[in-house]
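The values are calculated or read from the model by the stated rules, or taken from the named source; none is laboratory data. Fair warning: this is a prediction, and the values are worked out from it, not measured in the lab. Quick reminder, even Gly has a Cβ in these numbers, built from the backbone with ideal geometry, and neighbours come from all protein chains shown.
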Amino acid sequence: MGNKKTIQRKSSKKRGKPMLRFNFWVLFIIFVLSFAACFILYMVAANLNPNFFKDEFEASVSQEDTSLPDQQEQEPTQAQEAPQEDQPVITNPVPQSAAVDAGYFDSCCMITDSTLLRMGALGKIPQANVLGNDQLNALNCNSTRVESSYGTVTPYEVIKLKKPDQVYIMLGSDIGTSSADEMVASYATLVNNIHASLPELKIYVMQLPPVIYDNETVTNDMINDYNAKLLDMCNKAGVYCIDTNTALKGESGTLSEEYWDYDTLSLSQAAYEQICGYILTHTS
């Protein structure tokens, strides 16, 4: 018998390679683990270096600054180009200057207690421009009301409405009965309020005159101490201070005899004349 041939039939189907299936959850888990590992490393670095976050922030800001265009770095801003306005140089006490005309007083106001209350009556400053009364003093100057063309209001309110070119202030009739520090603190409030409302207004604080003799209530040492505090206040507030104390002082350090009226127990007309002349020759 002949050899039988074995016929092998090849299957028409090809064996395929194993297929890789995409698994979303596996990828998600890998992402979460990677993020967690990076976060842990970041926090470990931050704990080991106390300046870590500061260094990171400064590095970020530095990188932003260096990324500015060259043109922006070279061109100055408008604020840099604008010149600064010249601030007035204040020297206290105000030094002597060339005398100005007596018409200077027409644009001035004066806030005063009983010390210079007759300034308007003597015709030196217009009566309507003298603001004060016997009740006004350094301690209550922000609350006591005075008669004015604007009604009965505080001196500050009058100055704010009237807007003079200059204001002269002499307060201190309560020295010896009130604390000097409290007097100056209240005085400073008035000065600062006026200065803030009318920054172009020139404010002159007048130092308190000496007394003709020391007594149990007031001494010239007390007045000198008070005036020194006023000078310091003016320097801090950036306003003027004029030494009307020295202008009326005699050789003995007390008020000169010619500047005291024994009949009225107040400053004499010669004292008012001296003060007016001193103001006109000590302006800025």
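Per the conditions (1) more than 20 Å from Asp261 (Cβ to Cβ); (2) out of contact with any helix residue (DSSP H, G or I) (no Cβ under 7 Å at 6 or more places or on another chain); (3) modelled with pLDDT under 95, the sole criterion not satisfied by Gln135 is (3). Just to verify a result, which residue in region 188-236, among those that are among the hydrophobic types (A, V, I, L, M, F, W, C) and closer than 18 Å to Gly176 by Cβ, is surrounded by the fewest Cβ atoms within 10 Å (Cβ to Cβ)? Looking at residues that are among the hydrophobic types (A, V, I, L, M, F, W, C) and closer than 18 Å to Gly176 by Cβ, I get Ala228. Glu147 passes every criterion in (1) within 18 Å of Tyr240 (Cβ to Cβ); (2) assigned to a strand (DSSP E or B); (3) not hydroxyl-bearing (Ser, Thr, Tyr) apart from (1).
For the condition at negative phi and surrounded by fewer than 16 Cβ atoms within 10 Å (Cβ to Cβ), what is the one hit in Ser148, Ser179?
Ser179
Selection of first residues in region 261-282 that are over 18 Å from Thr112 (Cα atoms) and of second residues that are among the polar types (S, T, N, Q) and part of a loop (DSSP other than H, G, I, E, B), restricted to Cβ pairs under 8 Å at least 6 apart or on distinct chains, gives the following pairs, ordered by first then second residue: Asp261/Ser268; Thr281/Gln96; Thr281/Ser97; His282/Gln96; His282/Ser97.
Just name the residue that is nearest to the chain's Cα centre (by Cα) out of those in region 102-122 that are closer than 21 Å to Glu200 by Cβ and outside any strand (DSSP E or B). Steps first, please.
Keep residues of region 102-122 that are closer than 21 Å to Glu200 by Cβ, which gives 103-111.
Filter once more, keeping what is outside any strand (DSSP E or B): 103-107.
On the way: Gly103: 33, Tyr104: 29, Phe105: 29, Asp106: 30, Ser107: 27 Å.
Across region 102-122, the extreme among qualifying residues is Ser107.
If the requirement is being free of Cβ contacts under 8 Å to residues at least 24 places away in the same chain and of a type in the set (S, T, N, Q), which of these qualifies: Asn215, Asn142? Criteria check complete, one pass: Asn215.
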